[in-house]
Amino acid sequence: MNRLAGEKSPYLRQHAGNPVDWFPWGPEAFAKAKAEGKPIFLSIGYSACHWCHVMADESFADPAIAARLNADFVPVKVDREERPDVDRVYMAYLQALTGQGGWPLSAWLTPELKPFYAGTYFPPEDRAGRAGFPSILRAISEGWQKDRAKLVAEGEKALEALRVPEAAAAAAPRFDDRNAVHRGNLAHQANEAFEACFSHYEQAFDQARGGFGGAPKFPRASNLSFLFRCAAIQGLGSSEGQAAVRMAARTLQAMARGGIHDQVGGGFHRYSVDADWFVPHFEKMLYDQAQIAVNALEAWQATGDERHAWLARDILEYTLRDLAAPDGGFYSAEDADSADAAGKHAEGAFYVWTRDEIEAAAGEDAEFVCRHFGVRPEGNVPAERDPHGEFHEKNILAQAAPLAETAAQFGLDPQGASDRLERALGRLRQARARRPRPARDEKILAAWNGLAISALARAAAAPSEALADRRESYLRAAVRAAEFLRREMADGGRGVLFRAWLEGRGAVEGFAEDYAFVIQGLLDLYEAGFDAGWLRWAEALQGKLDELFWDEAAGGYFNSAAGAGDMILRLKEDYDGAEPAPNSVAASNLLRLSAIRGDAGLEARARRALAAFQPQWSQVPQALPQMLCSLELALSPPRHVVLAGDPGSADFRALAEACHERLGPARTLLAASGGADQAWLSERSPWLEAMRPVGGRAAAYVCRDRACQLPVTEPEALRALLAGGER
């Protein structure tokens, strides 16, 4: 066993038995590289990454390749989920060098950590004109011995190239929020960016299959979040609003029907390799579950279609069943690979089915299942989508037709077909549970748990029929996760968050995304349960985020804190990808906190954060759709709904439900519940102090620019006021 056996990261532990003399990222590896004058081979991946496993099995387990690595390099392993700051620096280099990225990320660095060559997966031998990993190692080793100065100079050049975008962004002209004319210019630029981004999605939308563009297709949640905000701004009844909802809802429906959706166990796989959402890479990530659940809830708010709420429930039930830790947090991921019936490790082995397996598990419902999901004896994956022959005689379950069509084929009414399908899927779940499960990454990450808290809190607040019997459970789960983070992953004395927990808190302190996503989760949790303690912690974490990550010179938040000795560069994420960029979420948090506190300083900081990325969102707005949502919030008048009364009472809950029924303009929802919580809120916003129940009943005060209408006590009256505020 090598040094990685002592690490907490499951990904690093997966490589503890390699003959490679791996080092974790840290001073021991750097000192060895400098003392011996060797380059560093840096390998970055994550535990659920299929191609990371492939390269490990083919190359890192090979004694000859390991011997070359050990002799000529200092091999270093990094879990990208544990150290996203390291990953982003060298991924930025890889993308600049090759125009693409991915994992495993393979990079060669000088002993001073400056990159001079990089790639992703390398095969164990030369193939079809492509150099294999041994050839790459041999060439770099020879180059280092014969012309080290050139490679060192290449590293210096690469570092300067990485600094150029940051320097250009810092030097770019920006709008000064203190000037009213410039505020008008900012609004004009924002409107143009919104229109350009919406036009991009209209043109890229796949009318037949949902989603945007062709293969591969990723469930990029920020795309749908942007479209739902467009619908809210334009109005759900407008042509633009209807078009936005149609694109987002069709995408969710297509994803729900496809193989990317685990039809048996719930939840979503990482992405599909084709344009039909059919053949996925089978890993399941916590951040996908959380964000897609929120998309589904917004689709329900926009359409009233309970199928979207059922999809949210499907995702959250999987998350609570298979990713929940006993003490309250949520694990990170489940692997793509597991053992098949022959004991061989294969991607998707846990999820795919032969026709015989379906018949054995489903019994008299087997034909119904096979017809509905397109199951065939020869397998249902076309040869062109199975280049390695992995799915011969295997079936990926994806709906071949709407349930109504399957019902008609079997002479069933819709409810009868639904009941039969539910019974059959229960049997498949039982049969599948006897298979070897994929490995689970039991690392608990602060950022991803913040996203999960948001999803659970928003589901707990949504008055949907599909969620009615689960809302209290979702709220309890969100509270338990937040309590876990506060108890296990925060240092109360210093006020800092830590990045990861596994068998105890890790040593790495949190990054900007950890603070931003957890703060967002706490704000959403407050609006679901109205415990002001979560607002207090969110406020404290925001202060720490500002202290550690804020760029006073140019605005915005760096990904990593100042003073990190193992980072050659501090970057700011400028892309809303699988997860939103920290600044996209942080700007929204600042504006929400400003609305609660009446703090103009927080609002100004949010505007500065947004202005720091103005060159990016004005030129390529589709790169930052989540930031555009925050920009819309910054340019809208503040809206509040204050509910006065006991949050546990039925009349208070009825008013709160009316606030969560429909997609509309962003509003701050507050509880004037009397006692210490209202006193604390009133210290920040004195105008809340006088708000009280009316006639012994909970009352709602609807306010715009802190000018409030007369209070109402009936949900119907509140709905009318909220609908009027949308116009």
How many percent of the accessible area of the stretch 184-295 is carbon or sulfur, using a 1.4 Å probe? 47 percent
Place a point 7 Å from the Cα of E36 along the Cα-to-Cβ direction; which residues of the stretch 124-138 have their backbone N under 20 Å from it? 134-138
First measure r as the distance between the Cβ atoms of S649 and A324, then evaluate 1/(1 + (r/R0)^6) with R0 = 30 Å and state the FRET efficiency to the nearest 0.05. 0.50
If the limit is 32 Å between Cα atoms, which of K77/K217; K8/K38; K8/K150; K77/K146; K8/K284 go over it? K8/K150
Report the GluC sites (Glu not before Pro) located in the stretch 85-142 that are in a DSSP loop and have at most 16 other Cβ atoms inside 10 Å of their Cβ, or state none. E112, E125
Between R423 and A96, what is the label-to-label distance in nm when each label sits 7 Å out along the Cα-to-Cβ direction? 6.3 nm
Within straight-line cross-link reach of K544, lysines at Cα separation under 20 Å, skipping those fewer than 8 residues along the same chain: K572
If you place +1 on the Cβ of every Lys and Arg, -1 on the Cβ of every Asp and Glu, and leave all else neutral, what size is the dipole of the chain about its Cα centre, to the nearest 20 Debye? 880 debye
Once R0 is set to 30 Å, what does the formula 1/(1 + (r/R0)^6) return for the Cβ-Cβ distance between S682 and A717, expressed as a FRET efficiency to the nearest 0.05? 0.75
With no solvent and one equal point scatterer placed on each C-alpha of the stretch 430-541, evaluate the Debye formula and give log10 I(q)/I(0) for q = 0.12, 0.18, 0.19 Å⁻¹, two decimals. -0.46, -0.87, -0.93
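I'd like the carbon and sulfur percentage of the solvent accessible area for the stretch 7-132, probe radius 1.4 Å, heavy atoms only, ligands and nucleic acids excluded. Show your work: numbers first, answer last.
Working: 2180 of 4240 Å².
Looking at the stretch 7-132 in its full context, I get 51 percent from C and S.
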Could I have the simple spin-label model distance between E317 and Y575, label points 7 Å from Cα toward Cβ, reported in nm to one decimal? 3.6 nm
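How much of the accessible area of the stretch 366-470, in percent, comes from carbon and sulfur atoms when a 1.4 Å probe is used?
47 percent
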At a threshold of 8 angstrom on Cα-Cα distance, excluding pairs fewer than six apart, so keeping six or more, what relative contact order does the stretch 316-462 reach in percent? 31 percent
Low-density loop positions, trypsin sites (Lys or Arg not before Pro), the stretch 297-371 - DSSP coil, at most 11 other Cβ in 10 Å: K344
Per-peptide average of other Cβ atoms within 10 Å, ordering 21-27, 39-45, 201-207, 383-389 highest first: 39-45, 21-27, 201-207, 383-389
Counting only DSSP loop positions in the stretch 485-533, the trypsin sites (Lys or Arg not before Pro) whose Cβ has at most 10 other Cβ atoms within 10 Å are R494
Could you list the residues of the stretch 303-337 with an amide nitrogen less than 14 Å from a label point located 7 Å from the Cα of A431 in the Cα-to-C-beta direction? none
Which value in nm describes the separation of the simple spin-label points at A16 and D566, placed 7 Å from the Cα toward the beta carbon? 1.8 nm
Using only Cα positions of the chain, each an equal point scatterer, no hydration layer, compute I(q)/I(0) via Debye at q = 0.09, 0.10, 0.11 Å⁻¹ and quote the log10 values to two decimals. -0.85, -1.04, -1.25
What percent antiparallel are the DSSP beta bridges of the chain, to the nearest 5? 75 percent
C-alpha center-to-center spacing [the stretch 1-59, the stretch 190-247] in angstrom: 41 Å
What number comes out for accessible area per residue over the chain if the probe is 1.4 Å? Units Å², please. 39 Å²
Starting from 0.36 nm per residue, how many nanometres of slack lie between D705 and D126 once their C-alpha separation is accounted for? 201.8 nm
Dividing the mean separation of Cα pairs under 8 Å (6+ apart) by the residue count of the stretch 481-637 yields a relative contact order in percent of 18 percent
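Please state the relative contact order of the chain as a whole percent: Cα pairs under 8 Å, 6+ residues apart? Walk me through the numbers before you get to the answer.
Details: 1350 pairs, mean separation 77.9, N = 727.
Relative CO of the chain lands at 11 percent.
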q = 0.11, 0.15, 0.19, 0.23 Å⁻¹: log10 I(q)/I(0) that the Debye formula gives for the stretch 520-607, counting C-alpha atoms only: -0.34, -0.61, -0.92, -1.21
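The values are calculated or read from the model by the stated rules, or taken from the named source; none is laboratory data. No experiment lies behind these values; they were computed from the predicted model shown. Please note: Cβ atoms are built from the backbone with ideal geometry, for glycine as well, and neighbour counts cover all protein chains shown. Side chains are part of the model used for accessible areas, which takes the heavy atoms of the whole protein and leaves out ligands, DNA and RNA. Shrake-Rupley method; radii C 1.70, N 1.55, O 1.52, S 1.80 Å.
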